[in-house]
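Student: Sharing a structure here in structure tokens format.
Please treat every number below as a calculation from the coordinates, not as lab data. Quick caveat: nothing in here was measured; it's all calculated off a predicted structure. Ideal geometry is used to build each Cβ from the backbone, glycine not excepted, and the neighbour counts take in all protein chains shown.
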Amino acid sequence: MSIIRGHKRWLIVVMLFFLSTINYLDRQSLSVLAPTLREQLSFSVEQYSYIVSAFLVAYTTGYLFCGRVLDRLGTRGGISIAISLWSAATCLHALARSWTHFAGFRFLLGLGESFNAPGGAKAIREWIPQKERALCMAVFSTGNIFGAIIAPPVVSLLALKFDWRLAFLVTGLVGFIWLFFWLKIYRSPDRDLSLAPAERQLILSDQNNTDASTSTASFWAVLGHPLTLAFILARLLTDSVPFFFSFWLPDYLRQNHNFGLAQIGMFAWIPYLAADLGGITGGASSDFLVRRGWRAADARRRILLAAACLTPAALVAVHVSSAIVSLVCIGLVLAAHSAWITNLLTLMTESMPPHFTGQLVALSGVGGSIGGIISNLATGKLVATFGYVPVFTLLSFVHSMAFIILCVLSRRAHKSLNCCGQAFSS
């Protein structure tokens, strides 16, 4: 404990990293097994898109209330309830016998997993000083990527050696193990008796310095703020990228490069390793700029622009014949998106007082989920009719469109309202 003393905020970040890892491990289990399940249970590409959409509808629904639940119950209680629900839902997948069963269990999974991003962002806002915040947000966000990295080999190995039902049971039970340690470790900084006085002062003084306003705001006030609209639209466009690769990458590899379950387990993790590196690099880069004297919003914006310039690599990915080159290009796209979402989430936490962080991130997540639903249903139709080329083409430019929207709406917000001193503005 002497090693942790004085640095407990980093232990919290590690816990949040594993929370995101479990979140994506549970989410990815179905997509890894989808080609096998489609053969064994005889459901079509379009029916698979309905299963994914059930998850996304619940994910969207959860975002409508999870922010308020987190703000009222606190980070510790809200996340505890969420991971209990989604871990139980993952275990229930082992009972599925048809695509409709999977759709029902994915709906429950989506409700629980909707708490992950708002809960993690709220915890980071509570525990992490501003100059360390983007890097810590990157560590939290890349937990998703790490979960996506380990899901193909772990899930495929369990399915090949034992049974696909056991794969769902094992991944679901991991969440309950994490919950045990979370309940023992997590308290808010002002109530944590194990926190060293110097670290408590560092965390709480930074909160006081960065919270320009302590006034309360209603749900409708947060919803009506121009910055909220900017974040909703940005995520509506760009969240379609990770949702697409999370749910469709194994099927793309199966259809376009003739991958079997064993090959999916061996190679499908490669793009997510690049995404992990992209998130850490993007977060560390904007924190470096802040330490060099840049205004926080300008530093986050510079990395957002750089990320948007890299995502057209998706065009190359879908047109090359080499599976390895395609995976490398997909990795570049996911790395750029990880840098993007790391800085976007950090910007959100710096745009509102901490008591409303959950609501702001959750509302932006509604936009992301709606974009995921639309893009997923469109993917099912497009792939069945035209293949993957039009899907990859559309995804190449969503970040550029989102960046333009952010710039335009943030300027309007800066002119009309002064309540968000850290606003994304020129």
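Student: Place a point 7 Å from Cα of Arg292 in the direction of its Cβ. Which residues in the range 112-133 have their backbone N less than 19 Å from it?
Tutor: 131-133
Student: For the chain, modelled as a Gaussian network with Cα springs under 10 Å, which listed residue fluctuates most, Leu109, Leu195, Leu363?
Tutor: Greatest mean-square fluctuation among the candidates belongs to Leu195.
Student: Further question on the same structure: Working from Cα positions, state the angle (0 to 90°, nearest 10) between the long axis of helix 270-291 and the longest principal axis of the chain.
Tutor: 10
Student: Further, regarding this structure: I'd like the trypsin sites (Lys or Arg not before Pro) in the range 1-69 restricted to DSSP loop residues with at most 16 other Cβ atoms within 10 Å, sorted by number. All intermediate terms of the calculation are to be shown ahead of the outcome.
Tutor: Numbers: sites: Arg5, Lys8, Arg9, Arg27, Arg38, Arg68; in loops: Arg5.
The qualifying sites are Arg5.
Student: Along its principal axes, what span do the Cα atoms of the chain show, with the longest given first and each in whole Å?
Tutor: Its Cα atoms span 57, 44, 38 Å along the three principal axes.
Student: Based on the Cβ-Cβ distance from Ile177 to Gln40, what FRET efficiency comes out when R0 is 41 Å, to the nearest 0.05?
Tutor: Details: r = 29 Å, r/R0 = 0.71.
For Ile177 and Gln40, the calculated efficiency is 0.90.
Student: Right, here's the next one. What is the helix-to-structure angle for 398-416, meaning the angle in degrees between its Cα long axis and the longest Cα principal axis of the chain, kept from 0 to 90 and rounded to the nearest 10?
Tutor: In the chain, helix 398-416 runs at an angle near 20 degrees to the longest axis.
Student: Please list 3J(HN,Hα) in residue order for the range 52-64, calculated via the Karplus relation 6.51 cos²θ - 1.76 cosθ + 1.60 where θ = phi - 60°; whole Hz, with x for glycine and proline.
Tutor: Result, rounded to whole Hz: 4, 5, 4, 4, 5, 4, 5, 4, 5, 4, x, 4, 5.
Student: Can you give me the angle between helix 357-385 and the longest principal axis of the chain, using Cα atoms only, in degrees from 0 to 90, rounded to the nearest 10?
Tutor: Approximately 20 degrees, to the nearest ten.
Student: Non-local amide H neighbours of Trp294 (under 5 Å, H modeled in plane, Pro and chain starts lacking H): which ones?
Tutor: Amide H neighbours of Trp294: none.
Student: Of the lysine pairs in the chain, how many meet both conditions: Cα atoms under 20 Å apart, and a spacing of 8 or more in sequence or different chains? The partial results should precede the final answer.
Tutor: Values: Lys8/Lys122; Lys8/Lys131; Lys8/Lys184; Lys122/Lys131; Lys122/Lys184.
Counting lysine pairs in the chain gives 5.
Student: OK, next. Could you give me the ³J(HN,Hα) list for the range 74-88, computed from phi with Karplus coefficients 6.51, -1.76, 1.60 and θ = phi - 60°, whole Hz, x at Gly and Pro?
Tutor: x, 5, 4, x, x, 5, 4, 5, 5, 5, 5, 5, 6, 5, 5
Student: Would you mind working out the magnitude of the charge dipole of the chain relative to its Cα centre, with +1 at each Lys and Arg C-beta and -1 at each Asp and Glu C-beta, to the nearest 20 Debye? Provide the component values of the computation, followed by the final result.
Tutor: Details: 32 positive and 19 negative charges, 119 e Å.
Computed charge dipole of the chain: roughly 580 debye.
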